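Since the structure comes first, as structure tokens, the remarks are kept for the end.
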Amino acid sequence: MPGYQRHNFHNMKVGSILFLIISFDPYSWYFIAGYLFATFLCGCDLDTRGDMQNNWGILRYYWGLYSKIFVHGKGKKKSKLIDGVDVKRGPSHWILVGTLTRLLFLIPFIAFAFIYNSVVAFKGIEISYVIYLFQSSFYNYETLYFIGGMVVADGLHIILDKQE
Ligand SMILES: [Zn+2]
């Protein structure tokens, strides 16, 4: 159960190697962006008040809601205590499930960005344009690579949590 700094250190180490391997790929930057996003801002440990939540500044209160739902450690009944610390993790630390539920939590921000873009384009909210932007933004390689990078970073985090 390494702390924030050690998680970042390991993620950066593995991330650098991964980037060297996939740098030939034209979409590799999206993968790396997703990887960094999950490492520093939107990773598994958003389920606890700490450095990752603080990285969001004032928006950390929004993630307070996330950590209320996805509790870091599952409470006394199912807990696995090592040195008095509950090391068993909930769904925030399940591969894919954790990443996808955090993406669901980002929907208000994503929706705001699309509506804002629509306002800029039409000087008003054009719903059909918002929907068009939304669809064209998700059915593409860029988004897939970005989410892929997040899943890999979260996967590494989960493996490291189990190691120590
Ligand atoms: Zn963790």
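In segment 122-133, how many residues are loosely packed, with under 13 Cβ neighbours inside 10 Å and assigned to a helix (DSSP H, G or I)?
4
Residues being outside any loop (DSSP other than H, G, I, E, B) and more than 19 Å from the chain's Cα centre (by Cα): count how many of those fall in segment 15-45. Talk me through it step by step, then tell me what you get.
Initially, segment 15-45 is screened for residues outside any loop (DSSP other than H, G, I, E, B), giving 15-22, 28-41, 44-45.
Still in the running and more than 19 Å from the chain's Cα centre (by Cα): 17, 20-22.
Residues in segment 15-45 being outside any loop (DSSP other than H, G, I, E, B) and more than 19 Å from the chain's Cα centre (by Cα): 4 in total.
Could you tell me whether any residue of segment 16-33 is surrounded by 16 or more Cβ atoms within 10 Å (Cβ to Cβ), polar (S, T, N, Q) and over 24 Å from K88 (Cα atoms)?
yes
Considering segment 135-150 alone, what residues qualify as being surrounded by fewer than 17 Cβ atoms within 10 Å (Cβ to Cβ) and either within 16 Å of the ligand (Cβ to nearest atom) or not small (G, A, S) (or both)?
We begin by selecting, within segment 135-150, every residue surrounded by fewer than 17 Cβ atoms within 10 Å (Cβ to Cβ); these are 135-144.
Once the filter is applied, which keeps residues that are surrounded by fewer than 17 Cβ atoms within 10 Å (Cβ to Cβ) and either within 16 Å of the ligand (Cβ to nearest atom) or not small (G, A, S) (or both), segment 135-150 yields Q135, F138, Y139, N140, Y141, E142, T143, L144.
Which members of segment 151-161 meet the condition of being surrounded by 15 or more Cβ atoms within 10 Å (Cβ to Cβ) and over 13 Å from the mean Cα position of the chain (by Cα)? Walk me through how you get there before you give the answer.
First pass over segment 151-161, keeping only residues surrounded by 15 or more Cβ atoms within 10 Å (Cβ to Cβ): 151-158, 160-161.
Result: L160, D161.
Between residues in segment 24-45 that are more than 26 Å from G64 (Cα to Cα) and residues that are within 16 Å of the ligand (Cβ to nearest atom), which pairs lie under 8 Å by C-beta distance while being six or more apart or on different chains?
Note: pairs meeting the criteria are F31/V152.
Looking for something in a loop (DSSP other than H, G, I, E, B), surrounded by fewer than 14 Cβ atoms within 10 Å (Cβ to Cβ) and more than 14 Å from the ligand (Cβ to nearest atom) - is there at least one such residue anywhere in segment 4-14?
Here is the first cut: in segment 4-14, the residues in a loop (DSSP other than H, G, I, E, B) are none.
Looking for residues that are in a loop (DSSP other than H, G, I, E, B), surrounded by fewer than 14 Cβ atoms within 10 Å (Cβ to Cβ) and more than 14 Å from the ligand (Cβ to nearest atom), one finds none in segment 4-14, hence no.
Filter segment 111-164 for residues that are in contact with a Ser or Thr (Cβ under 7 Å, 6 or more places away or on another chain) and among the hydroxyl-bearing types (S, T, Y); which is modelled with the lowest pLDDT?
The selected residue is S137.
When only residues in segment 46-59 that are away from the ligand (no atom under 16 Å from the Cβ) and over 14 Å from the mean Cα position of the chain (by Cα) count, which is surrounded by the fewest Cβ atoms within 10 Å (Cβ to Cβ)?
Narrowing segment 46-59 to residues away from the ligand (no atom under 16 Å from the Cβ): 56-59.
If we keep only those that are over 14 Å from the mean Cα position of the chain (by Cα) as well, we get 57-59.
Details: G57: 8, I58: 6, L59: 12.
So the residue we want is I58.
The values are calculated or read from the model by the stated rules, or taken from the named source; none is laboratory data. This structure is a prediction, so every number in the text was calculated from the model and none was measured. Don't worry about glycine lacking a Cβ; one is built from the backbone with ideal geometry, like all the others, and counts go over all protein chains shown.
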